[in-house]
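Let me begin by presenting the structure, written as structure tokens, before commenting on it.
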Amino acid sequence: MGGTFDPVHNGHVAIAEGAAHIFSPEKMIVLPAGNPYQRARLPFASSGDRVAMLVAGIGLSSIKVVIDRRELNRTGPTYTVDTLQELRKELGDEIPLIWLIGSDAFSKLDTWHRWQDLFGLTHFAVVMRPGERQLEATVSANLKTAIEHRVVTASELNCQPAGNIVYLALMPPKISSTQIRDRCQNGESINGFVPAAVCDYIEQHKLYLNNA
Ligand code: ATP
Ligand code: MG
């Protein structure tokens, strides 16, 4: 699962837990983005703070979680295709990889660097984000053509290492990092929006008080 995690919140935790339950993966690799090239600005919290919040907030009971810092250590823009190529070198070509992603991000997949190559490197598990329009209404004709023949069920996914798409019927809470940063700035409570340890961390380090 990739993301800016600025900060990690209960929506992220819900999709991670849901996917872990469905796929029982050997491990979950969480990849905080370094310099997300499609964003207008750098993350608000430092890389160190974002990693610390992930470490505090995203321990799953059922499986091993690895917070992978490779994208933070990379200079220049973060391209998922580079990350996946590195992971393939380390893990080999045979093991199934599943990229867990929300529908808002997936619907823009065709704007990612070398996006067509991604299907040769990983599967995608797509979670509908509450409040978002259905994917069919938001994807381009190009992306629609690229994905429609790839859709399978969760149990079919492990038959090959990459190239398929599963839509996961999870019901994650309607939470975003943007909303949490806004609440902090406005002095509103973020209890129930982020894991308790993340709430403590944000308070202790006085994060997101000035998001100008
Ligand atoms: P921001 O508001 O800063 O964009 P965000 O809440 O979207 O933050 P990201 O770090 O951008 O969080 O998201 C990482 C991944 O998690 C993306 O694939 C995104 O679609 C997914 N995601 C985030 N929140 C949810 C949610 N509430 N439900 C489902 N998927 C989510
Ligand atoms: Mg986002």
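The values are calculated or read from the model by the stated rules, or taken from the named source; none is laboratory data. Here the structure is a predicted model, which is why all the values come from computation and not from measurement. For neighbour counting, all protein chains shown are included, and Cβ atoms are generated from backbone atoms with ideal geometry for every residue, glycine included.
Annotations for the structure displayed:
- Per the listing PRO43, PRO7, PRO32, the residue uniquely touching a Ser or Thr at 6+ places or on another chain (Cβ under 8 Å), within 26 Å of HIS205 (Cα to Cα) and without any contact (Cβ under 8 Å) to a residue 40 or more places away in the chain is PRO43.
- Filter pass, SER140 being under 24 Å from PRO96 (Cα atoms), hydroxyl-bearing (Ser, Thr, Tyr) and either at pLDDT below 95 or away from ligand 2 (no atom under 16 Å from the Cβ) (or both): no
- Scope region 82-107; condition of a type in the set (A, V, I, L, M, F, W, C), more than 16 Å from ligand 1 (Cβ to nearest atom) and closer than 22 Å to ASN35 by Cβ; matching residues: LEU87
- Condition check for ARG50 on (1) surrounded by 16 or more Cβ atoms within 10 Å (Cβ to Cβ); (2) of a type outside the set (A, V, I, L, M, F, W, C); (3) part of a loop (DSSP other than H, G, I, E, B): one failure, at (3).
- Any pair with Cβ under 8 angstrom, 6 or more apart, that starts in region 151-178 at a residue that is in a strand (DSSP E or B) and ends at one that is of a type in the set (Lys, Arg) and more than 16 Å from ligand 2 (Cβ to nearest atom): ILE165/ARG150
- All positions within region 89-123 that are within 16 Å of ligand 2 (Cβ to nearest atom) and not in a helix (DSSP H, G or I): TRP99, LEU100, ILE101, GLY102, SER107, LYS108, TRP112
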